[in-house]
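Asks: This structure is in structure tokens; I'll ask about it shortly.
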Amino acid sequence: MNNVTNLLHGFQSALTLSNLLFGLLGTFLGTLVGVLPGIGPALAIALLLPITYTVGPASALIMFAAIYYGAMYGGSTTSILLNTPGESGSVITALEGNKMARAGKAGAALATAAIGSFVAGLIATAILAFAAPSIADMAIKVGSADYVALMLMAFMTVSTLLGSSQIRGFIALTIGLIMGLVGADLQSGLTRLTFGYGAAQDGIETVTVIVSIFALGEALYIASRFKDAGWKIIPMKGRALMSREDWKRSWKPWLRGTFIGFPLGVIPAGGSEVPTFLSYAAEKNLSKYPEEFGKGAIEGVAGPEAANNANAAGALVPLLALGLPTSATAAVILVAFQTYQIQPGPTLFLTNGALIWTLIASLFIGNTLLLVLNLPLVRVWVQLLKVPRHFLFAGIVVFALLGAYALNTAMFDLQVALAIGVLGFLFRRYGMPITPLILGLILGPNLELQFRRAIQISAGDYSTLWATPLSKFLYLGIIAVAVGPAILKYVKKRKASL
Amino acid sequence: MQNKKSAKGELTFVGSLFLLGLIIAITTKVQEMPHLNLTVSPRLFPYAFSIALMGLSLVLFINILRGDIAEPEGLEGSTGSEKTDLKVFGIVFLSLLAFAVLIEPVGFATAGTATFVGVTIAFDYKKYLRAALVGFIFCFLIYFTFTHYLHVQLPAGIFKGIV
């Protein structure tokens, strides 16, 4: 069967009433978490992981994917009307979108963001549908040593590109890797880093770490440092519509944004900040109206929003084809797969083909639902921002504690949640990025497994780790990412001193 | 002044990370190994990560002393406070702790309500009774949905036999 036939079968499964309802619920929840500052899609999906106990994999994954996409849409609303990006990928949108809203063009800004996200989502999902199986086919030939190099590449890029400094990113990653070691080692039976605590033998639950570092850490941080901060909404005049001129100025940035965002999602380039920034820079350079940038240029909203959505779809390629998450949200979706005993990776399309094609088809449906729901309902979403912050955070905290406890109904998980919550506070306070920690925790055990496998196959010869062309290429990439920023900094410094 | 205080706090945090690395390295070293013929020792990764943590913490420690003080995460669209309100931090932490202490003896709905009220107090909300009512309805709905529809067993506590 070819990809088109598979996709049509996917549509057939996705278009059942229950799957459509889960998709609708996901788009609603996704937009909600995108709109509300302080809750991102990673936390939302982590909090909803208990549904995997009772809901089938197709419905649950459809819902999670819809949350992922929905959050991208919701984030633009708050960026434009509040100058408050609901998620990191919408930071650039706030630059021009909020200026447009202040100039009375909120409707056009919201429309170009929503339609741009739709166009980008559609194109990027189509590329995903055709690229992911081919990458998976190629990835079957990828050996353990190559996987080690791939994971190291993901660690390097995510730690280097996120946060205020490389060193803080690497510390966050190392803490995550150490957390992944806690518990019994499956190969030797040796109990590691439990400090004699019997309950820790099974290791630290990923879900517990995710919900506590995001939700409890955020609540501790916001309450103790920002409890008096408020939100000021810019009133929106008219409907979310675009004029003929707006369309003319938007369509090219949408396409450019898509083609910038998608590949940067596929490679572990550290989330949606980089592609949205690159798209903004490209639009600024190519625009016929460069003087409008910084004052409310529609291209500065259209391009980055498309790049943001395309990036989200791109991140699903390494997740599905290689089992490698490149963002915190993708990492949580990986955990969702694992709760169903499904391991994303090269064989996923063979072992769970029907499920994955249903998921891909649901992305097309979810994307359309988001456009239909979001533009007419934009005023409703804005009303959500009127939920009092004290109730909002109190609710999030209770839900997070429930998420930590419900997994095993174990007190140990709650104790871990408290400790991780405090760690989350410290990370925010001292500028350490959270995503590298999550990635280290999730991929760490897999790194060790593949490393051991590679060394065992080669009978203890460590040179096997860099013996293949792919691993050589990846290690060169790692070196480039590691020393690249330092060289650029040096060159800039030299230029400035001349 | 604020910068100096912030640097002190960060130095303490980074110093404790170094200490953590050291403890992990020592624990790994003194641990008894199983008598197996393994190509890769189960000690390799704990050693590697603990040494990495110590090395990175040391570099960051020196960087902080040289003026590379962390930029605290900002709240999107807000200027926020320059320092942590420890009293509020304590209230939130105690609210979280209350959940862990209370959930098994008094049940999820009651423990959740206590935590809910605690967090609203931390956000300066003074209408305690209303917070308790909203919190209880919220927690009760969660309890009911999870136990009846998602089949997740949560402690009923004082409501055992009633719901």
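Asks: With Cβ to Cβ distances under 10 Å as the rule, what net charge do the other residues near B:GLN31 carry (K, R +1; D, E -1)?
Replies: Surrounding charge for B:GLN31 is +2.
Asks: In bins 10 Å wide, starting from 0, what share of all Cα pairs of segment B:45-163 does each bin hold, as a percent?
Replies: Values per bin, smallest distances first: 12, 26, 22, 20, 17, 3, 0.
Asks: Return the long-range amide H neighbours of A:THR191 (sequence gap of 5 or more, or a different chain), with a cut-off of under 5 Å between placed amide H atoms.
Replies: Placed amide hydrogens put A:ASP185 under 5 Å from A:THR191.
Asks: Largest first and in whole Å, what are the equivalent-ellipsoid semi-axes of segment A:1-77 based on the Cα gyration tensor, each being the root of 5 times an eigenvalue?
Replies: That gives 24, 15, 10 Å for the three semi-axes.
Asks: Counting just the Cα atoms, what span does segment A:342-498 cover along each of its three principal axes? Round to the nearest Å and put the largest first.
Replies: 58, 58, 42
Asks: I want to verify the translational diffusion coefficient of segment A:296-340 in µm²/s; compute it with Stokes-Einstein, Rh as the Kirkwood radius over Cα pairs, at 25 °C and 0.890 mPa s.
Replies: Using the Kirkwood radius from Cα pairs, D works out to 210 µm²/s.
Asks: Moving to a separate point now. Per DSSP H run of n ≥ 4, the term is -39500 (n - 2.57); total these for chain A, divide by its residue number, and report the mean residue ellipticity at 222 nm rounded to 500 deg cm²/dmol.
Replies: Calculated mean residue ellipticity at 222 nm is -23500 deg cm²/dmol.
Asks: Which trypsin sites (Lys or Arg not before Pro) in segment A:268-359 pass both tests, a DSSP loop state and at most 15 other beta-carbon atoms within 10 Å?
Replies: Passing both the DSSP loop test and the Cβ count: A:LYS288, A:LYS295.
Asks: Which value does Rg/Rh take for the protein assembly as shown over its C-alpha atoms, Rh per Kirkwood?
Replies: Working: Rg = 24.4 Å, Rh = 25.6 Å.
Here Rg/Rh amounts to 0.95.
Asks: Just the Cα atoms of segment B:103-163: what Rg and Dmax do they give in Å?
Replies: Both quantities, over Cα of segment B:103-163: 12.1, 36 Å.
Asks: Here's something else I'd like to know. For segment A:1-119, what is the relative contact order in percent, using Cα pairs closer than 8 Å and at least 6 residues apart in sequence?
Replies: The value is 24 percent.
Asks: Just from its helices, what would the mean residue ellipticity at 222 nm be for chain B, if runs of 4 or more DSSP H residues each count -39500 (n - 2.57) and the sum is divided by every residue, rounded to the nearest 500 deg cm²/dmol? Walk me through the intermediate numbers first.
Replies: Working: 5 runs with 104 residues, N = 163.
Helices in chain B give a 222 nm mean residue ellipticity of -22000 deg cm²/dmol.
Asks: With +1 on the Cβ of every Lys and Arg and -1 on the Cβ of every Asp and Glu, and nothing else charged, how large is the dipole of chain B about its Cα centre, in debye rounded to the nearest 20?
Replies: 320 debye
Asks: Quick one, could you list the DSSP H helices from chain A stretching 15 Å or more along their long axis (Cα atoms) with average Kyte-Doolittle hydropathy of 0.5 or above?
Replies: Once both thresholds are applied, what remains is A:17-35, A:57-82, A:106-139, A:144-161, A:166-181, A:328-339, A:353-374, A:389-406, A:411-429, A:435-457, A:469-497.
Asks: Rounded to whole Å, give me the distance from the Cα center of segment A:252-327 to that of segment A:365-407.
Replies: 25 Å
Asks: Let me ask something else about it. Give the separation of the Cα centroids, segment A:17-73 to segment A:121-139, in Å.
Replies: Spelled out, the Cα-based centre of one part sits 22 Å from the other.
Asks: Something else: Could you work out the equivalent-ellipsoid semi-axes for segment A:165-225, taking the square root of 5 times each eigenvalue of the Cα gyration tensor, largest first, in whole Å?
Replies: 27, 16, 9
Asks: Order by neighbour count: A:THR54, A:THR31, A:THR191, fewest other Cβ atoms within 10 Å first, most last.
Replies: Placing the least packed residue first, the sequence is A:THR54, A:THR191, A:THR31.
Asks: Which of the residue pairs B:LYS83/B:LYS127; A:LYS295/A:LYS489; A:LYS105/A:LYS248; A:LYS288/A:LYS495; A:LYS141/A:LYS472 have a Cα-Cα distance greater than 19 Å in the structure shown?
Replies: B:LYS83/B:LYS127; A:LYS295/A:LYS489; A:LYS288/A:LYS495
Asks: Still on this structure, I have one more. Under Stokes-Einstein, with the Kirkwood radius over Cα pairs standing in for Rh, what whole-number D in µm²/s applies to segment A:315-374 at 4 °C and 1.567 mPa s? Display every interim value, and only then the final one.
Replies: Numbers: Rh = 12.1 Å.
Answer, rounded: 107 µm²/s.
Asks: In addition: Binning at 5 Å from 0, report for segment A:38-109 what percent of all alpha-carbon pair distances ends up in each bin.
Replies: The calculated distribution, bin by bin, is 3, 18, 22, 16, 12, 10, 8, 6, 3, 1.
Asks: Continuing with this model, one more query. Compute the Rg/Rh shape ratio of segment A:356-446: radius of gyration over Kirkwood radius, all on alpha-carbon atoms.
Replies: So for segment A:356-446, dividing Rg by the Kirkwood Rh gives 1.08.
Asks: In addition: Give the dimensionless ratio obtained when the Cα radius of gyration of segment A:47-155 is divided by 2.2 N^0.38 Å.
Replies: Relative to the rule-of-thumb radius for its length, segment A:47-155 sits at 1.43.
Asks: Sort A:GLU245, A:GLU448 by Cβ crowding within 10 Å, fewest neighbours at the top.
Replies: Lowest count first: A:GLU245, A:GLU448.
Asks: Which percent of Cα pairs goes in each bin when the distances of segment A:94-225 are cut into 10 angstrom slices starting at zero?
Replies: Histogram of Cα-Cα distances, whole percents per bin: 9, 17, 27, 29, 13, 5, 1.
Asks: Obtain the radius of gyration and the Kirkwood radius of segment B:18-64 from its C-alpha atoms and give Rg over Rh.
Replies: For segment B:18-64, the value is 1.12.
Asks: Now for a separate question. Among the trypsin sites (Lys or Arg not before Pro) within segment A:53-156, which fall in a DSSP loop and have no more than 12 other Cβ atoms within 10 Å of their own Cβ? The partial results should precede the final answer.
Replies: Details: sites: A:LYS99, A:ARG102, A:LYS105, A:LYS141; in loops: A:LYS105, A:LYS141.
Answer in residue order: A:LYS141.
Asks: Just rank A:TRP357, A:TRP251, A:TRP381, fewest to most, by other beta-carbon atoms within 10 angstrom. Each step should come with its number before you reach the end.
Replies: Values: A:TRP357 25, A:TRP251 16, A:TRP381 22.
Ordered from fewest to most neighbouring Cβ atoms within 10 Å, A:TRP357, A:TRP251, A:TRP381 come out as A:TRP251, A:TRP381, A:TRP357.
Asks: Right, here's the next one. With unit charges on the beta carbons (Lys and Arg positive, Asp and Glu negative) and the dipole taken about the Cα centre of chain A, which residue among A:ALA404, A:VAL483, A:GLN415 sits farthest to the positive side?
Replies: The listed residue farthest towards the positive side: A:VAL483.
Asks: Let me ask you something else. Based on the Kirkwood radius over alpha-carbon pairs, what is the Stokes-Einstein translational diffusion coefficient of segment A:263-387 at 10 °C with 1.306 mPa s viscosity, in µm²/s? Working shown, then result.
Replies: Details: Rh = 16.8 Å.
Once the numbers are plugged in, D ends up at 95 µm²/s.
Values in this text are rule-based calculations from the coordinates and carry no lab data. Every value quoted in this text rests on a predicted model; they were computed, and no experiment measured them. Ideal geometry is used to build each Cβ from the backbone, glycine not excepted, and the neighbour counts take in all protein chains shown.
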